[in-house]
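The values are calculated or read from the model by the stated rules, or taken from the named source; none is laboratory data. In this text, all values refer to a predicted model and were calculated from it rather than measured experimentally. All Cβ positions, glycine included, derive from the backbone under ideal geometry; neighbour counts span all protein chains shown. Side chains are part of the model used for accessible areas, which takes the heavy atoms of the whole protein and leaves out ligands, DNA and RNA. Shrake-Rupley method; radii C 1.70, N 1.55, O 1.52, S 1.80 Å.
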Amino acid sequence: MTLVFKKTQGLTDKQTHYCPGCTHGIIHRLVGEVLEELGVLGDTIGVAPVGCSVLAYNYFNCDVQEASHGRAPAVATGIKRVYPDKVVFTYQGDGDLASIGTAEIVHAAARGEKFTTIFVNNAIYGMTGGQMAPTTLLGQKATTAQSGRDINIQGAPIRMVEMLGTLDRAVFVERVSVDTPANVRKAKKAIKKAFEVQIAGLGFGIVEVLSTCPTNWGLNPQDSLQWLRDNMMPYYPIGNIKDVKVEEAK
């Protein structure tokens with residue numbers, strides 16, 4: 001019998017805690033597969049955030065350091081500078097990266113810190129009960145915006161990767177989604193390129209992944225995927241924002 005699929009060695013056998021329909025599991029698998037395919041699992045150090053993926057250290061089959069809320073880029077900076085030969089990545093949600101951690105991610109990108117960030121955007125605070133996040137869409141309801149986000153009160157949602165793409169030392173910036181098999185394949189390609197850029201020593205790389213939160217959106221998993229396509233993708237269009245050729249490494 002021909003083997004067509006096997007579990008990546010990049011993940012442990014521990015069952016995840018994520019809600020049914022949440023796409024964190026898909027994103028975890030893509031990161032694990034990429035690290036395995038690049039042959040760097042034994043030389044990788046991840047940084048887990050505070051948020052839905054706070055327990056990511058249980059799932060990635062590599063060394064993982066926990067960070068305070070929003071401080072994963074600062075922790076990753078320290079790790080990469082002490083161990084420049086290691087592959088370092090942060091795995092962060094929108095509440096962690098785009099709110100309390102805004103300063104850390106902006107200045108890490110501005111400095112061109114040579115680590116990779118996987119940024120999961122589900123447009124809401126997932127772990128703590130569905131509060132409005134910096135990425136919550138206009139009109140989208142949250143526990144702290146029960147009438148929907150109002151641009152005159154809460155301002156407009158932040159497009160993080162577009163903003164980070166304006167920084168010179170952010171050399172690879174892309175937004176992807178995992179709502180369809182085709183987009184999952186594109187997401188893996190982008191994640192792999194982001195790690196290759198780091199391994200080549202070119203600078204900072206970030207991949208934003210549009211994700212679902214069926215529990216806090218109040219939708220079933222299938223409807224959540226459609227809601228993402230109908231509402232998130234028009235405001236957060238997927239595609240490459242900034243790229244660099246790995247061959248340009250000095």
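Details
- Qualifying positions in the range 218-232 - out of contact with any Asp or Glu (no Cβ under 7 Å at 6 or more places or on another chain) and open to solvent by 40 Å² or more (accessible area, probe 1.4 Å): G218, L219, N220, P221, Q222, D223, Q226, W227, D230, N231
- Enumeration of residues in the range 68-94 that are open to solvent by 10 Å² or more (accessible area, probe 1.4 Å) and either at pLDDT below 95 or closer than 27 Å to T212 by Cβ (or both): S68, H69, R71, G93
- Counting only strands (runs of 3 or more DSSP E) that fall entirely inside the range 1-94 and contain at least 3 residues that are more than 19 Å from G203 (Cβ to Cβ) and without any contact (Cβ under 8 Å) to a residue 40 or more places away in the chain, the qualifying elements are 63-66.
- Selection of the range 107-146 for residues being open to solvent by less than 40 Å² (accessible area, probe 1.4 Å), outside any loop (DSSP other than H, G, I, E, B), over 30 Å from G39 (Cβ atoms) and in contact with a helix residue (DSSP H, G or I) (Cβ under 7 Å, 6 or more places away or on another chain) yields only A145.
- Checked across the range 150-171, the condition of being open to solvent by less than 40 Å² (accessible area, probe 1.4 Å), under 18 Å from V87 (Cα atoms) and at pLDDT 95 or above holds for at least one residue.
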